[in-house]
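See structure below.
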Amino acid sequence: MSASTTTRHPEPTPQPNQTPTAQRIVGIGASAGGLAPLEEFLRHTPPASGMAYIVVQHLDPNRKALLAELLQRATRMPVQEAQQGMRIEPDHVYVIPPNEDLRVADGRLALSAPAEPRGLRLPVDVLFSSLAGSLGRRAIAVVLSGMGTDGTLGLQAIKAVGGLSVAQDPDTAQFDSMPRHAISAGLVDVIDVAAALPTRILAYVGGVKRPPAAPPETDSTTHETALPHDRIVELLHERTRHDFGLYKTSTLRRRTERRMAIHGINSADDYAAYLANNPQEIDLLFKELLIGVTSFFRDALVWEHLATVALPDFLARRTPGDPLRAWSVGCSTGEEAYSLAIVFTEVVEHLATAPPFTLQIFASDVSPDAIAAGRRGQFPLAIQQSMSEQRLSRFFTKHESHYQINSTIRDMVLFAQHDVVLDPPFTRLDLILCRNLLIYFTAELQRRLLPLFHYALRPDGLLLLGGSETTGRFGHLFQPLQSKLRIYQREGSAIVGQRELLTSHPLPKRVHEEAIMTPAVTSQAPGDNLKTAADDVLLQVYAPAAVVVTASGDIVYISGRTGRYLEPAAGKANWNIAAMARAGLREALEPALKQAAAGSEPLHLHGVDVTGPDGLLRLDVTVQALQEPAALHGLIMIVFREISLNLDPAAGGALVPAERERLRNALDEIHRLREEAQASRSALQSANEQLQSTNEELQSTNEELQSANEELTTSKEEMQSMNEELQTINGELQTKLDDLALAQSDMQNVLNSVEIAILFLDNELNVRRYTDRASTVVSLRDSDVGRPLSDLTTSLQYPTLTEDARATLRTLRPTEKQIPSNDDRWFSIRIMPYRRLNNLIDGVVITMFDITATKKLEAALRQSAED
């Protein structure tokens, strides 16, 4: 996803010889200690792999980077620094420039300025997230050596869309924080040394280059295709207890094919056999299927409405001090449950009731790793991007690498490993959060869970669903408070049918496989149930046939024999009266049910002609909404009474001609209307199912890519990367430094060997260097380096030495004098400016030649001359 500041360059018109855009892009993230593994990775990457490589490393924003030049030595592929709008070509390496965030958009590189110039910056997350958004399943991300947690959130986006996540073995990384954090988060598919990663990636790409197309999710799936898939689901159920049979087949197949490609397995049968022999792979596939995309206060408008409207109104209907209960279904690592706890705390403090309300939140998920992470209550520093500073400072404690949830919020949440499909639900609840979980389930499983939520909630309890999830056909169970935000309230008067409630909590597979047991016969006294038995016989033999249905038409009870009027529909079992009613009855019942539900008086339908199993029937039908007893409130009773047809005795009991003609016309009209209605219903149902499926798939993708839509900026490791470059440069210059050190040693030996006293002073006349012979004239030792000349004692009878040195610095003219010493020696003192190679004056040089022998000879000659 390119930033708003990025200028989108138009795609140039393809030329005949133009290189195609890379179809697969490998994003590589590194930081401190990352230069060496980067070189190893590129050195073992074939120059014609067909993939492009984008390298992101934490760089100092104020200095020119040499990363491209350094990496070019390790590969024959062209290595260049990324530029705005640059086209991504296969078999090329692109390197992030300093002080930029790098993204991929429409096959081009997009540069943008970081949100902050320095500080917490996560450029690896930015790249990985854009790869997930642009390439989906074709995205590949590699995490190498580095400090901090950069890359983990980006890998979450890669994982969500089914891409490949790779990390360097932490034991081989100089700084293992980045790869180790990604591995501990359960986001890495392949772990190996840097040199082996290219081979592993190429093997994966070869395995998924042409994945088999997933068959449509219909009942007519071939046995050859369904068998290995069912076997994999069975193995998962045996190992983990969780039944994935009612999860969307497209998601199951996509995730399974990823694992197959990682192991280089091409056949689902072979993978099923691999699973049977490798239980640890079943655990990895299980984690793969659990898509844990979550964040604090996701969909801010939902939480804002909950805090300002829904929760205050709900609490206003409760008695202050009442203990409240909530359930976060599919909580993942707990961000949503903690968000609810924070919002509830703020709302209660604002209401200031006495005594205050309390809330116990049950957070459940099938993943034990996610539950363990939620219990720890530790979250990455990147959560500050989605939360205000006020909430961070109040409800969290900041540590060096994470935020810790405070104990007041932590104590409100109880985490439990729980399967909403198989395990009994939490009950007596005031609020249920089930956001973006139903989108991964089939429509059948969704229809099972919604009545279960209705059963678990107290009257007027709240239900929060995800952005593309609705109550569907169970609208009579939940009243929408804010339809767009998917906030619902339990209908207190609605009753869940017995069939709905039973099917909402299916039995485990092992129960279905057990033999059906014959119930034990209990002995009773002969007259104990005489009245009940007589009533049952009267109802079954003499009472008219009847059914009890819900307001939506689902049959919950059948009395008497209704087979002449109702019949099971072909295909999947469907207990709705509209599907089971025979021809002629169906058209009459549909409007009658709506009319009866809206009123309190019974509705009578006379002379309804029905095509029965033995011919034409005529019925009187009574439809009445039930108000009492309370257990039947909201249900509708339909009573069927057969009436005799108008027959002609002279014709052997056949219908009279007028009656026959009337029935024929009526049947023709009914048939025509039924065909039209059926055609319209089929077209509408097909379109609705297609739209619903598309909407759910899009929402699923949107959920998986949530990390890609968040702004991930800033970094704290800029200098670490610069040190990597400097270390490499220092390595190349080490030989020159050794040569310079050797030359310096040679020069020092030369100075000492000439036996001349030499003293080097800087511009402030402080001692910079001296020869060993100089220490015999001036009192010098190693600790005197840096001391002023005027502080030193000397045997020279030269009180103006310091003034003469300053004069030389000022006039740049050498000074030379012959000076005696206190020990009867003479020295020729020469003071000269110290000139650098660039002709700059940087102090003075004082040379002291011992001329005692010359002076003595001169004195002897003078004495001889006088004599």
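Every residue in region 850-867 that is hydroxyl-bearing (Ser, Thr, Tyr) and either surrounded by 12 or more Cβ atoms within 10 Å (Cβ to Cβ) or modelled with pLDDT under 85 (or both), please.
Filtering region 850-867 down to residues hydroxyl-bearing (Ser, Thr, Tyr) leaves 852, 854, 864.
Listed by number, the residues that qualify are Thr852, Thr854.
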(request) Kindly indicate the residue of region 148-202 that is of a type in the set (Ser, Thr, Tyr) and more than 26 Å from Ile383 (Cβ to Cβ) and also surrounded by the most Cβ atoms within 10 Å (Cβ to Cβ) among those meeting that condition. (result) Thr172
(request) Report whether or not Arg458 is touching a strand residue (DSSP E or B) at 6+ places or on another chain (Cβ under 9 Å), closer than 24 Å to Pro312 by Cα and basic (Lys, Arg). (result) yes
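Scanning for something out of contact with any Pro (no Cβ under 8 Å at 6 or more places or on another chain), under 26 Å from Arg447 (Cβ atoms) and of a type outside the set (Gly, Ala, Ser), does region 275-287 turn up at least one residue?
Start the filter on region 275-287 by keeping residues that are out of contact with any Pro (no Cβ under 8 Å at 6 or more places or on another chain), which leaves 275-287.
Okay, now just the ones that are also under 26 Å from Arg447 (Cβ atoms), so 286.
Checking the rest, the ones that are also of a type outside the set (Gly, Ala, Ser) come to 286.
Checked region 275-287: at least one residue is out of contact with any Pro (no Cβ under 8 Å at 6 or more places or on another chain), under 26 Å from Arg447 (Cβ atoms) and of a type outside the set (Gly, Ala, Ser).
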(message) Return the pair list, or none, for Cβ contacts closer than 9 Å from residues in region 622-634 that are farther than 21 Å from Phe478 by Cβ and of a type in the set (A, V, I, L, M) to residues that are part of a helix (DSSP H, G or I) and open to solvent by 80 Å² or more (accessible area, probe 1.4 Å), at least 6 apart or on different chains.
(response) Val623/Gln595
(request) For Ala683, state whether it is part of a helix (DSSP H, G or I), modelled with pLDDT under 80 and open to solvent by 40 Å² or more (accessible area, probe 1.4 Å). (result) no
(request) Scan region 372-416 residue by residue and report those that are in a helix (DSSP H, G or I), open to solvent by less than 20 Å² (accessible area, probe 1.4 Å) and more than 15 Å from Ser295 (Cα to Cα). (result) Phe395, Ile409
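Looking at Val348, Val343 in this structure, which one is open to solvent by 10 Å² or more (accessible area, probe 1.4 Å), of a type outside the set (D, E, K, R) and assigned to a helix (DSSP H, G or I)? If you could, list the steps in order and put the result at the bottom.
Details: Val343 fails: open to solvent by 10 Å² or more (accessible area, probe 1.4 Å).
On inspection, the qualifying residue turns out to be Val348.
In the set Gly560, Gly584, Gly607, which member is open to solvent by 30 Å² or more (accessible area, probe 1.4 Å), modelled with pLDDT under 85 and farther than 25 Å from Phe478 by Cβ?
Working: Gly560 fails: open to solvent by 30 Å² or more (accessible area, probe 1.4 Å); Gly584 fails: open to solvent by 30 Å² or more (accessible area, probe 1.4 Å).
Being open to solvent by 30 Å² or more (accessible area, probe 1.4 Å), modelled with pLDDT under 85 and farther than 25 Å from Phe478 by Cβ holds for just one of Gly560, Gly584, Gly607, which is Gly607.
Among what's in region 417-432 and is at pLDDT 90 or above and touching a helix residue (DSSP H, G or I) at 6+ places or on another chain (Cβ under 6 Å), pick the residue that is surrounded by the fewest Cβ atoms within 10 Å (Cβ to Cβ). Outline the logic, then answer.
Of region 417-432, the ones at pLDDT 90 or above are 429-432.
Still in the list and also touching a helix residue (DSSP H, G or I) at 6+ places or on another chain (Cβ under 6 Å): 429, 432.
Values: Leu429: 22, Ile432: 26.
For region 417-432, the residue satisfying everything is Leu429.
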(message) Please verify whether Ala82 is open to solvent by less than 10 Å² (accessible area, probe 1.4 Å), under 27 Å from the mean Cα position of the chain (by Cα), under 21 Å from Tyr204 (Cα atoms) and not charged (D, E, K, R), treating the condition exactly as stated.
(response) no
(request) Could you run through region 351-371 and say how many residues are at pLDDT 90 or above, polar (S, T, N, Q) and buried (at least 19 other Cβ atoms within 10 Å of the Cβ)? (result) 1
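Inside region 89-200, counting only strands (runs of 3 or more DSSP E) that do not spill past its ends, which hold 1 or more residues that are touching a Lys or Arg at 6+ places or on another chain (Cβ under 8 Å) and of a type in the set (A, V, I, L, M, F, W, C)? Working first, answer last.
Numbers: elements: 93-95, 101-105, 108-112, 139-143, 164-168, 190-192.
Here the list reads 101-105, 108-112, 139-143, 164-168, 190-192.
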(message) Can you confirm whether Thr397 is touching a residue at least 24 places away in the same chain (Cβ under 8 Å) and of a type outside the set (Phe, Trp, Tyr)?
(response) no
(message) So, in region 619-635, exactly how many residues are under 15 Å from Ala551 (Cβ atoms) and either open to solvent by 20 Å² or more (accessible area, probe 1.4 Å) or touching a Ser or Thr at 6+ places or on another chain (Cβ under 7 Å) (or both)?
(response) 8
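Results for (1) within 30 Å of Ala859 (Cα to Cα); (2) in contact (Cβ under 8 Å) with a residue 12 or more places away in the chain; (3) within 60 Å of the chain's Cα centre (by Cα), shown as yes or no for each residue.
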site	(1), (2), (3)
Phe760	no, yes, no
Val778	yes, yes, no
Asp791	no, no, no
Leu796	yes, yes, no
Thr800	yes, no, no
Thr811	no, no, no
(message) Out of everything in region 36-79 that is modelled with pLDDT of 90 or more and hydroxyl-bearing (Ser, Thr, Tyr), what residue ends up being nearest to the chain's Cα centre (by Cα)?
(response) Tyr53
(message) Consider region 29-44. How many of its residues are part of a loop (DSSP other than H, G, I, E, B) and either open to solvent by 10 Å² or more (accessible area, probe 1.4 Å) or without any contact (Cβ under 8 Å) to a residue 60 or more places away in the chain (or both)?
(response) 1
(request) Working only within region 808-849, note down all residues that are in contact with a Lys or Arg (Cβ under 7 Å, 6 or more places away or on another chain), open to solvent by 60 Å² or more (accessible area, probe 1.4 Å) and under 13 Å from Tyr798 (Cα atoms). (result) Glu816, Trp826
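Going through region 440-480 one residue at a time, which ones are part of a strand (DSSP E or B) and crowded, with 18+ Cβ neighbours inside 10 Å?
Of the residues in region 440-480, the ones part of a strand (DSSP E or B) are 441, 457-465, 478-480.
Across region 440-480, the qualifying residues are Phe441, Leu457, Gly461, Leu462, Leu463, Leu464, Leu465, Phe478.
The values are calculated or read from the model by the stated rules, or taken from the named source; none is laboratory data. Quantities reported herein were computed from a predicted structural model and do not represent experimental measurements. Using ideal geometry, Cβ is built from the backbone for each residue, glycine included, and neighbour counts are taken over all protein chains shown. These area figures cover heavy atoms from the full protein model, side chains too; ligands, DNA and RNA do not enter into them. Shrake-Rupley method; radii C 1.70, N 1.55, O 1.52, S 1.80 Å.
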